[in-house]
Every structure is written in C-alpha cells, then in structure tokens.
1. Would you please state which residues of the range 221-252 a label at Trp30 would reach in this model, taking the label point 7 Å out along Cα→Cβ and a backbone N cut-off of under 18 Å?
2. Treat the range 153-265 as a sphere of radius equal to its Kirkwood radius over Cα pairs and apply Stokes-Einstein at 25 °C in a medium of 0.890 mPa s; give the translational diffusion coefficient in µm²/s, rounded to a whole number.
3. Net charge within 12 Å of Pro169 by Cβ-Cβ distance, Lys/Arg positive one each and Asp/Glu negative one each, not counting Pro169 itself?
4. Which peptide among 170-176, 188-194, 7-13, 201-207 comes first, and what is the full order, when sorted by highest mean count of other Cβ atoms within 10 Å?
5. Place a point 7 Å from Cα of Ala256 in the direction of its Cβ. Which residues in the range 1-34 have their backbone N less than 14 Å from it?
6. Scaled to the compact-protein estimate 2.2 N^0.38 Å, what is the alpha-carbon radius of gyration of the range 97-174, rounded to two decimal places?
7. Given a Förster distance of 41 Å, report the FRET efficiency between Gln68 and Leu244 from their Cβ-Cβ distance, rounded to the nearest 0.05.
8. Which of the GluC sites (Glu not before Pro) found in the range 158-232 are in a DSSP loop and have at most 14 neighbouring Cβ atoms, other than their own, within 10 Å?
Amino acid sequence: MYRFLLTPRWWGINVFAVLAIPFCIFMGSWQLGRFEDRVDTHHQQEDRSARAKAAAARPLTSLLPVDQVTSGRQASARGRYDAAHQLLVPDRTFSDKGERRGFYVLTLLRTNGGKALPVVRGWLPGDANAKADRAKVTAPPKGEVTVTGALQASENQGTDGVQADGGLPQGQLGMISAASLVNIVPYKVYDAWITLSEAPAPLRAVPPAAAEGSGLDMKAFQNLGYTGEWFVFAGFVVFMWFRLFRREAEAAKDAALGILPEGPTAATKRDGEGDGTDGHEGPGGKPDEGPDGGSGGGSDRRADGGSDGGSDGDEDGALGGGGGDKSMAHA
C-alpha cells in the first residue's frame, strides 16, 4: 500500500523534507543564539557601566579607539574650551520622571595634544530654535580646565535622535561625530566624545548610552522573532509531509478496494448507464443514438416500412390493373 513512497515524485518530497527540517532548526537555533549573546552582552555592559562609575578616570588617549569595552569608561582630558564653537544638539530626550524633549549643549575642548574633544556639558529642556530657551545656556569656563566624563563613540545615522539630513540653523548640530564637525571647525577632532559626569546648573548631566550592539534594542528582538519563524517553518514542513502522505495512503487503499475516486470520468459513466446511452450527444443537444435503438432506429424503421409499403402498393396496383384488363378482354 505504501509503494507510492518509491515513486520519483515522493523521492523528491522526501529529500526536500529531510533537508529542509534540519536547515530550519539550525537557522532557528542560530538566531536564538544571537539573541542570547545580545542579552549576555547587555548584562556585561551594565556591569561595566557600574564599575566605570566607581573607577578612577583614565587619560583620554589610553581609552581610544572606543569599543564595547571602553565605551562608558571615565575619561579625562585637559585643555581650553572654544566658546566660539559652542553648538546645540536639538531634539534630544532626557528620561527623568518621564521622557522630556530638549537639546544638548556641546562645546569643543582644545586639548594640549592639538585635537579637539567634543564635550556634552549637559541637557536643557525646551526648543533649540526658541530664543528664550537658548538664553538659558551658560557660557563655558575660561582658561585651562580638566574635564571628566563617560567616553562615548561617535554617533551614526542609526543612533536615536540623530538628524543626519542636515538643514539645521547655524549653531546647531544633528549628529555628534568627527565627520559632522570637520566642516564646522578649523581643527582636527577626536573620533569620540564625552558627557560630563557633573553638569553646571541649570544643565542636567546626560547619562552615557550603551555601546552599539550591546543593548536590548530592536535588532535583538528581531533575532528572537526570526527564531520563532524558523521553528514554525520546520513544523510546517512536517505537517505538509504527513498531510500528503495520508492523502496518498487513503487513495492507494481505495484503489486496492476497487473504489473509484470521484471525478468527471466516473460521473460521465454513471450518466451514460442511467439513460441507456453512451453519454454522447448529437446536434441540437439530443442523444446520438445507434441504428438499432432510440430515435435513430425508429427513423430507420419508418423509412423501411414506408418504402416496403410503397412497393407493396405498387405491386397490388399492378395486379389490380392487370385484373381489370382481363375483365375487359372477357367482356
């Protein structure tokens, strides 16, 4: 009954199922591993951030370039603020008893090494385009200062709050990065920035952000969603294989018992047996019946009878005519 499994069609189905199911399970396990790695990295980043707050600040140059290990570490740099190039970073949120919208105050620190370090001195609520809100920004300290804050990597187009399209008014910056500052200031800039641990009033200190790829962001939950999709695909392949197998097995069992499947051929055969015809129709939708029966046979018989009757009448008339001639001769 299961000989259909040896047909070329079922060989192809079986090979596909044998290859597809392990592949789907492998891809689902891989996506699940990616999600678990992101969760572990998130916990490690939180531990590093907690240790970084308690650790002593290290010189800026010893922590560059910024990576997942050095991101959030306390860095220190010495130099002079460039008050002429103080910039506002608009549309930045601050989570403190609810999410509020405002702007960062960024000032470039000309370090003793020659390069400038972008320093986010703090956050202010309000609109960077409003004159009243801009008036709240305090001037940076004069003279040589030492700044200490959490080290951050340059922002990119995928960073929250970034305005990479440009079109901002003069004195505003959409993305904190060396690439964005290269056309604004006439000196070189570090490919990093720091946010001060203590901000001067009325500014609020900006907490450091988690390193890219280390937090539970949307990409992490996308990995979790892909995990479910691959496992669903594997289950769907198993379900379809058993469904096809059951249908073929039932068809083979019915054929062994002599049960014909429902179809046009069986229906036509039953119609032909019910009305005494072979199922064909002639012109006009009437049955095309054979010469021995039905309407066709009747017409033949009528034609035969008519011709026979006509010939018999001719013979009788001839005989009658002959008798008349004989009677006249006798008379």
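1. Once the point is set 7 Å along Cα→Cβ of Trp30, 221-235 turn out to lie under 18 Å by backbone N, inside the range 221-252.
2. The calculation lands on 118 µm²/s.
3. Numbers: positive: Lys131, Arg134; negative: Asp127.
Neighbour charge sum, excluding Pro169 itself: +1.
4. Highest to lowest by the protection proxy: 188-194, 170-176, 201-207, 7-13.
5. 1-5
6. Working: Rg = 14.2 Å, N = 78, 2.2 N^0.38 = 11.5 Å.
After normalising by residue count via 2.2 N^0.38 Å, the value is 1.23.
7. Working: r = 49 Å, r/R0 = 1.20.
Working from the Cβ atoms, E equals 0.25.
8. Answer by residue number: Glu198.
The values are calculated or read from the model by the stated rules, or taken from the named source; none is laboratory data. Keep in mind that this is a model prediction, so the values were computed, not measured. Cβ coordinates were reconstructed from backbone atoms using ideal geometry, including for glycine residues, and neighbour counts include every protein chain displayed. Only protein heavy atoms, including side chains, enter the accessible area calculation; ligands, DNA and RNA are left aside. Shrake-Rupley method; radii C 1.70, N 1.55, O 1.52, S 1.80 Å.
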